Each structure stands twice: as structure tokens, then as C-alpha cells.
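Shown next, in C-alpha cells, is the structure this report addresses.
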Amino acid sequence: MPTPLRAVLFDLDGTLIDSIGLIVDAMHHAFEAFDGEVPDDSSWMAGIGTPLYKQLARYARNPEELEMLRERYRAYQFIHHDNVIKEYPGTTAVLENLHARGIVMGIVTSKGDELARRGLELTGLAKYLPVVIGADSVTIHKPEPEPVLLALKRLGVAADEALMMGDSPHDISSGNAAGVRTIGALWGPFTREQIAVAKPTFWMNNISELPALVDSLIA
């Protein structure tokens, strides 16, 4: 018999919170007047779901440039973050539904821990998500399994009792490597084709579909 579902893990940006515009704008700010290679929007968005320093390291020519780009990026995000982020429609209702049925939930993101928690507080989602594993929580990041495994440990559930939802192939690869069933979220910046290379267990076009899937796995 399959193990009943007890937990759902979520990526943050592009899955629960719509912050993609902020991410791209922060990149533009970081590279303004930079005299080296500058990423185009599509190249930058392809790295969403991996740690910022890894994205920037592709373009920085030395540690000093890497730190400069990182500081400019983060400064822009901290200034503009609170005014632009918002939850995807229906997210609060879905998390409230799952919480009421005893499903435990957490975040696995490549965003810094502080800004991730800030976004959850601002959107009112924090009360449903007691565990937040961000870029500062681990030294090995998505697409490796370590962030997901740490979230499972802190929630006190086994891999076969959990789902992982994310909008990028990095999220799906991390969840698959940790042994959890995965959901490809199709409302973020990644296309179905881009996510499909990581082979999610399930697909969703809207987060409102999640309670029905949980119903099928909870008993």
C-alpha cells in the first residue's frame, strides 16, 4: 500500500509568490554599466531556482566583481521587494485548506532566508509554512537533494510521505533526488518543455488543483 501523504513542500518564487518581474529588474540594476558579459532576460530566468551567487558567477570575472554584482542585486531587491511581490491568485485558500486537514508544509527556495521569510510574512503565507529552507540554510543547493532532505527532517516526515511543487527543473530535480513525488507548476516563468526534462510526477496548471491531488494521496 502507498504511504499516505503528510507533507507538501513548495518552491517560493514562481510557485507561491509572483516576484519574477522583481528578479529580472534586480538583474538589470546589478549589471547596469557593467563592462563584461551581460545576461539577457531569458538566460537569467533559466537560472531562477539556483542560488544567486551561482547565477552571477557565470558573468563575474573575479571575486570582486562577483561581490559587487551580488550587492547591487540584493540592494535593489531589498528596496523594491515589499512594493511589488504578491501571492499567485488562490494560494492562501489552498494553503489554508491543506493546513486544516493536517498537512504540514514548508518552503525550499534558493532565495536568501531573510528575504524569503519577509515575502511570506508580507503575503500572509508564513503561518502555514513553519519550515523555510533557503540559500543560507544549506551549503549544497538545488538541484541537489540536500535542501529538500533538510525540510523533510525539520517537518518530521519521510520522503515517501511528501510532495514537492516547483516551477523550475531545478526544483523538480531536487525533489526527485530526495525521493519525494514532484509537481511541475506551469504558472511560473518556465515552460512545460523546460520543466519536463526533470520528469515531474504530476503537472498542474493552477495551484487550485492541489487539494484534489492531496485528496487522492492522503488516504
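Quick grid of which residues meet (1) at pLDDT 95 or above; (2) more than 17 Å from the chain's Cα centre (by Cα); (3) crowded, with 20+ Cβ neighbours inside 10 Å; (4) not polar (S, T, N, Q):
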{"position": "79", "(1), (2), (3), (4)": "no, yes, no, yes"}
{"position": "108", "(1), (2), (3), (4)": "yes, no, yes, yes"}
{"position": "121", "(1), (2), (3), (4)": "yes, no, no, yes"}
{"position": "127", "(1), (2), (3), (4)": "yes, yes, no, yes"}
{"position": "146", "(1), (2), (3), (4)": "yes, no, no, yes"}
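Here's the yes/no breakdown for (1) small (Gly, Ala, Ser); (2) farther than 26 Å from residue 24 by Cα; (3) touching a Leu at 6+ places or on another chain (Cβ under 8 Å); (4) buried (at least 24 other Cβ atoms within 10 Å of the Cβ):
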position	(1), (2), (3), (4)
132	no, no, yes, no
143	no, no, no, no
150	no, yes, no, no
154	no, yes, no, no
162	yes, yes, yes, yes
176	no, yes, no, no
184	yes, no, no, yes
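Listed by first and then second residue, the pairs linking a residue in segment 3-27 that is more than 24 Å from residue 151 (Cα to Cα) and part of a loop (DSSP other than H, G, I, E, B) to a residue that is open to solvent by less than 20 Å² (accessible area, probe 1.4 Å) and of a type outside the set (A, V, I, L, M), with Cβ atoms under 9 Å apart and 6 or more places separating them unless they lie on different chains, form an empty list. Can we say residue 178 is modelled with pLDDT of 95 or more and aliphatic (A, V, I, L, M)? It is true that residue 178 is modelled with pLDDT of 95 or more and aliphatic (A, V, I, L, M).
Reported count of residues in segment 128-154, each being farther than 25 Å from residue 195 by Cα and without any contact (Cβ under 8 Å) to a residue 12 or more places away in the chain, is 1. Yes or no: residue 84 touching a residue at least 40 places away in the same chain (Cβ under 8 Å) and buried (at least 17 other Cβ atoms within 10 Å of the Cβ)? Answer is no for this residue.
Residue 98: buried (at least 21 other Cβ atoms within 10 Å of the Cβ) and hydrophobic (A, V, I, L, M, F, W, C), yes or no? So residue 98 does not fit the description; no. Residues considered: 127, 111. Of these, the only one that is among the basic types (Lys, Arg), within 30 Å of residue 206 (Cβ to Cβ) and part of a helix (DSSP H, G or I) is 127. Scanning segment 32-58 for residues that are buried (at least 19 other Cβ atoms within 10 Å of the Cβ) and of a type in the set (A, V, I, L, M, F, W, C) yields 44, 45, 48, 52, 56.
Considering the conditions (1) modelled with pLDDT under 95; (2) part of a helix (DSSP H, G or I), residue 33 is excluded by exactly one of them, (2).
Could you tell me how many of the residues in segment 89-106 are over 20 Å from the mean Cα position of the chain (by Cα) and either assigned to a helix (DSSP H, G or I) or basic (Lys, Arg) (or both)? The total comes to 3.
Are any of the residues in segment 195-216 open to solvent by 40 Å² or more (accessible area, probe 1.4 Å), modelled with pLDDT under 95 and either closer than 20 Å to residue 105 by Cα or charged (D, E, K, R) (or both)? Looking for residues that are open to solvent by 40 Å² or more (accessible area, probe 1.4 Å), modelled with pLDDT under 95 and either closer than 20 Å to residue 105 by Cα or charged (D, E, K, R) (or both), one finds at least one in segment 195-216, hence yes.
Residues that are in a loop (DSSP other than H, G, I, E, B) and not charged (D, E, K, R) were ranked within segment 58-85; the one that is farthest from residue 23 (Cα to Cα) is 62.
The values are calculated or read from the model by the stated rules, or taken from the named source; none is laboratory data. If you're wondering where the values come from, they're calculated on a predicted model, not measured in any experiment. Ideal geometry is used to build each Cβ from the backbone, glycine not excepted, and the neighbour counts take in all protein chains shown. Each accessible area value is taken on the protein alone, full model and side chains, heavy atoms only, with ligands, DNA and RNA left out. Shrake-Rupley method; radii C 1.70, N 1.55, O 1.52, S 1.80 Å.
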